[in-house]
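Working notes, beginning with the structure itself.
The values are calculated or read from the model by the stated rules, or taken from the named source; none is laboratory data. Just so you know, these numbers come straight off a predicted model, no measurement behind them. No Cβ is skipped: glycine too gets one built from the backbone with ideal geometry, and neighbour counts run over all protein chains shown.
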Amino acid sequence: MPEGTIVDRHVDLVSEGFDIGLLLSQQVSHNTLVKRPLTRLKRIVCAAPQYVERRGAPAHPHDLASPTCLAFHADFAGEYLSFEHDHTRVTVRPNKSASSNNIGLIRRWTMSGMGIAVLSDFLVEPDLADGRLLTLLPDYRLEALEMNIAYPSRRHFPRKVRLFVDHLIEHFVR
């Protein structure tokens with residue numbers, strides 16, 4: 001029976017007994033693992049309309065040092081955000097008023113007007129389309145997160161795991 005575990009920390013797939021891992025921008029540190037890129041996740045800066053009405057929208061990434069930013073803390077999420085605009089890189093350290101290791105909670109806080117967040121576009125597309133969230137700093141592009149699949153390089157790879165890996169690759173790579 002398939003079992004899924006979601007963690008927001010570095011995982012040693014081999015020693016912890018996982019068949020596969022979906023990793024976001026993590027280095028695969030075990031030399032017996034195979035790593036395959038699946039997709040790149042676009043990230044956007046967003047806030048609820050009521051937050052923007054109350055505090056205003058940032059005009060430049062450096063403005064993120066003063067408003068209330070909600071932070072997702074995980075191994076791949078650093079302290080700084082690097083934006084690209086007109087072939088120029090702008091790096092800022094946002095002022096974080098709250099943080100969580102649960103991206104769903106960050107999304108809910110953002111929608112409630114608690115602050116500004118950086119979220120993956122696939123996570124908030126419906127909220128943006130319905131006007132529950134607004135895209136901020138649209139002319140500044142954040143580096144995308146790379147999603148990889150990693151698995152032990154075993155000769156006797158279980159068939160059901162191989163089929164699942166093939167399905168993920170087919171789904172994401174097209």
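Couple of notes before you dig in:
- Only one entry in Val90, Val118, Val124 is under 20 Å from Leu41 (Cβ atoms), assigned to a strand (DSSP E or B), at pLDDT 90 or above and assigned by TED's automatic domain parsing to the domain that holds Ala47, namely Val118.
- Filtered by the rule that a residue be out of contact with any helix residue (DSSP H, G or I) (no Cβ under 6 Å at 6 or more places or on another chain) and not polar (S, T, N, Q), segment 88-106 gives Arg89, Arg93, Lys96, Ala98, Ile103, Gly104, Leu105, Ile106.
- Top-ranked residue in segment 25-45 [being under 18 Å from Ile169 (Cα atoms), among the β-branched types (Val, Ile, Thr) and part of a strand (DSSP E or B); ranked as modelled with the lowest pLDDT]: Val34
- Candidates Asp63, Asp8, filtered to the one that is among the acidic types (Asp, Glu), out of contact with any Pro (no Cβ under 7 Å at 6 or more places or on another chain) and at pLDDT below 85: Asp8
- Among (1) part of a strand (DSSP E or B); (2) modelled with pLDDT of 90 or more - the single one Tyr51 does not satisfy: (1)
- Residue count for segment 135-156 satisfying the condition of being under 30 Å from Thr32 (Cβ atoms) and either touching an Asp or Glu at 6+ places or on another chain (Cβ under 6 Å) or hydrophobic (A, V, I, L, M, F, W, C) (or both): 5.
- Which numbered condition Leu22 misses (of (1) closer than 15 Å to Leu142 by Cα; (2) of a type outside the set (Ser, Thr, Tyr); (3) at pLDDT 75 or above): (1)
- In segment 135-172, the residues that are aromatic (Phe, Trp, Tyr) and over 22 Å from Thr91 (Cα atoms): Tyr151, Phe157, Phe164, Phe172
- Residue selected from segment 135-156 under the condition of a type in the set (D, E, K, R) and part of a strand (DSSP E or B), by the criterion surrounded by the most Cβ atoms within 10 Å (Cβ to Cβ): Glu146
- Output for segment 102-115, where each listed residue is touching a residue at least 24 places away in the same chain (Cβ under 8 Å) and either over 23 Å from Tyr80 (Cβ atoms) or not assigned by TED's automatic domain parsing to the domain that holds Ala59 (or both): Met111, Ser112, Gly113
- When the residues of segment 157-166 are filtered to those that are surrounded by 10 or more Cβ atoms within 10 Å (Cβ to Cβ) and of a type in the set (D, E, K, R), the one that is modelled with the highest pLDDT is Asp166.
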